[in-house]
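Below is one structure; the comments refer to it alone.
Values in this text are rule-based calculations from the coordinates and carry no lab data. Worth saying up front: this structure is predicted, and the values here are computed from it rather than measured. We place every Cβ from the backbone using ideal geometry, glycine too, and count neighbours over all the protein chains shown.
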Amino acid sequence: MTNTASPLSGVHILITRPVVPASRTAERLAVLGATPYIFPTILIEPPADTGQVKAALSSLQSVYAIIFVSPSAVEMTLKDNVKLPISIKVFAPGLGTAEELSLHGVSNLLIPLKNFDSEGLLELSELQSEFVNGQRILIFRGNGGRELLFDELSKRGAQVEAISAYRRSIPATSSAGLLELLKANKVTAVSIMSSSAVKNLVTLVPEQDCKSILFSLPVYASHKRIKDTAEALGFLNVTETEPGDKGLITTLLHYKN
């Protein structure tokens with residue numbers, strides 16, 4: 001039962017992340033008194049060709065750096081207790097990915113000082129031309145990701161390999177439960193942590209219900225690019241937060257109090 005004295009009591013929030021990170025987000029929100037509803041709008045599956053990941057992990061001796069573009073990239077790449085050589089520089093674009101790496105025992109990692117995204121990573125001194133020229137860099141990512149890291153690091157002279165560690169797709173599960181919550185006005189906020197998540201959410205909800213219910217709900221987007229995507233789709237009340245669970249919780253506490 002929700003404690004009415006808790007700081008986020010009365011906040012009934014839809015979490016759209018993939019199921020593993022969504023469960024952690026939900027637990028953190030529930031501790032603060034919120035009522036989280038987990039409805040993953042992205043299904044994370046193994047890549048069509050798992051051999052590419054295995055081949056990359058078996059030849060790490062000459063690698064200068066590894067970049068994991070998302071928590072799912074970490075989860076799917078390191079799921080079999082893979083241990084990365086400590087000599088390799090490990091990069092994460094944001095706090096969520098950094099947290100996932102920490103859970104897998106990776107502590108020697110680098111993240112942007114600001115701008116928690118690919119652009120932020122590319123500003124780090126360790127990824128400038130004088131350091132990466134001629135060096136081998138692995139990027140573990142999902143299907144259909146942005147090409148900015150690959151293209152820019154290649155221009156800087158790095159030998160870049162992009163490895164598909166997972167596939168993203170829209171879940172085939174019924175949205176009947178979500179529609180029931182929306183029509184009963186049980187959802188008071190929506191958390192979005194990727195552009196794919198918000199696009200899939202709109203696909204899964206009938207157009208009429210998007211217009212009459214979904215688009216008017218407060219949305220908390222963890223990046224400006226995600227905020228822009230949500231607004232372009234028709235959401236009317238979108239707030240940009242700092243990245244990850246910490247950013248979401250900080251913003252919710254601010255607006256609640």
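Amide hydrogen proximity for V90: with H placed 1.01 Å from N in the peptide plane, the residues at 5 or more positions away or on another chain lying under 5 Å are I66, L110. Would you check region 45-168 for Lys pairs whose C-alpha atoms are within less than 24 Å, ignoring same-chain pairs closer than 8 in sequence, and give me the count? Within region 45-168, the lysine pair count is 7. For the chain, the residue among I249, S87, Y37 whose Cα projects farthest onto the positive side of the dipole built from Cβ charges is Y37.
Taking the charge dipole of region 153-257 about its Cα centre, with +1 at Lys and Arg Cβ atoms and -1 at Asp and Glu Cβ atoms, the residue from A165, V198, T188 reaching farthest to the positive side is A165.
Residues in region 84-99 carry Karplus couplings, in order, of 8, x, 5, 6, 7, 6, 10, 10, 10, x, x, 5, x, 5, 4, 5 Hz; the curve used is 6.51 cos²θ - 1.76 cosθ + 1.60 with θ = phi - 60°, and Gly or Pro positions show x.
With only the Cα atoms considered, region 45-168 has a convex hull volume of 95 Å³ per residue.
The phi torsions of region 31-46, fed into the Karplus equation with coefficients 6.51, -1.76 and 1.60 and a -60° offset, translate into couplings of 4, 8, x, 6, 10, x, 10, 8, 9, x, 9, 10, 9, 9, 10, x Hz, rounded to whole numbers, with Gly and Pro shown as x. Site-free segments of the chain were taken between trypsin sites (Lys or Arg not before Pro) in DSSP loops having at most 16 other Cβ atoms within 10 Å, sites themselves excluded; the longest one is 1-78. In terms of other Cβ atoms within 10 Å, D245, D228 run from fewest to most in the order D228, D245.
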